[in-house]
Amino acid sequence: MRSDPNCIFCKIIEKKIPSKIVYEDESVAAFEDANPQAPVHLLIVPKKHFPDIHSMNDADRELIGHLFLTAKKIADDKGLDGKGYRLVINNGAGAGQTVFHLHLHILSGRRFIWPPG
Ligand code: 5GP
Ligand code: ZN
């Protein structure tokens, strides 16, 4: 499915609801999390709708790589590399996923503990 009319992140990508988009290209977008858990909290999403990692397959290798390299680019642009940052994917409700459009969290600007909650 390219886009899900009931998906909040598809609506953000299509600019049907407002968000603070910090980066976009033909296949991914990155925007500020509405309920930030750190001074920097961004979400990177594929523009195509995938509910979770298990909806992706070999044909999506390049896109998966692009998501991570976009995280690196944003971290470079925002000077996060020296500070450290956390990349998180909550995959499945049991792991805390609440929006079922695959997304990579970038969190930075505070100390993080391990194991995560
Ligand atoms: P998850 O819990 O699925 O890993 O992460 C979903 C994230 O999406 C949460 O951090 C939540 O604050 C964020 N979020 C939910 N709805 C919206 C929205 O309408 N706009 C933005 N910018 N973020 C949202
Ligand atoms: Zn979606």
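The values are calculated or read from the model by the stated rules, or taken from the named source; none is laboratory data. Quantities reported herein were computed from a predicted structural model and do not represent experimental measurements. As a convention, Cβ positions derive from the backbone with ideal geometry for all residues, glycine included, and neighbour counts pool all protein chains shown. Ligands, DNA and RNA are excluded from the accessible area calculation, which covers all protein heavy atoms including side chains. Shrake-Rupley method; radii C 1.70, N 1.55, O 1.52, S 1.80 Å.
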message: Given the criterion exposed (fewer than 12 other Cβ atoms within 10 Å of the Cβ), over 26 Å from GLY117 (Cβ atoms) and either within 11 Å of ligand 1 (Cβ to nearest atom) or acidic (Asp, Glu) (or both), identify the matching residue among GLU14, GLU26.
response: GLU26
field: Selected residue (criterion: most open to solvent (accessible area, probe 1.4 Å)) from residues of segment 41-65 that are assigned to a helix (DSSP H, G or I) and under 25 Å from PRO5 (Cβ atoms)
entry: HIS54
- request: Could you figure out which of (1) touching a Pro at 6+ places or on another chain (Cβ under 6 Å); (2) more than 14 Å from ligand 2 (Cβ to nearest atom) isn't true of VAL40?
  value: (1)
field: Residue list for segment 1-19, filter: in contact (Cβ under 8 Å) with a residue 40 or more places away in the chain and of a type in the set (S, T, N, Q)
entry: SER3
statement: ASP4 fails exactly one of (1) open to solvent by less than 30 Å² (accessible area, probe 1.4 Å); (2) more than 12 Å from ligand 1 (Cβ to nearest atom); (3) touching a Cys at 6+ places or on another chain (Cβ under 7 Å), namely (1)
query: What are the residue pairs meeting all of these: first residue in segment 47-66, first residue over 22 Å from LYS15 (Cα atoms), second residue of a type in the set (Lys, Arg), Cβ atoms under 9 Å, and 6 or more apart or on different chains?
result: ASP60/LYS48
Matching entry among LEU80, LEU87 (being in a loop (DSSP other than H, G, I, E, B), surrounded by 13 or more Cβ atoms within 10 Å (Cβ to Cβ) and in contact with a strand residue (DSSP E or B) (Cβ under 8 Å, 6 or more places away or on another chain)): LEU80
- request: Answer with yes or no whether ASP33 is of a type in the set (Asp, Glu), touching a residue at least 60 places away in the same chain (Cβ under 8 Å) and either within 15 Å of ligand 2 (Cβ to nearest atom) or farther than 30 Å from TRP114 by Cβ (or both).
  value: no
Residue in segment 29-40 that is least open to solvent (accessible area, probe 1.4 Å), counting only those that are in contact with a Gly (Cβ under 9 Å, 6 or more places away or on another chain) and in a loop (DSSP other than H, G, I, E, B): ALA38
Test: ILE21 is over 13 Å from HIS103 (Cα atoms), under 12 Å from the mean Cα position of the chain (by Cα) and not small (Gly, Ala, Ser): yes
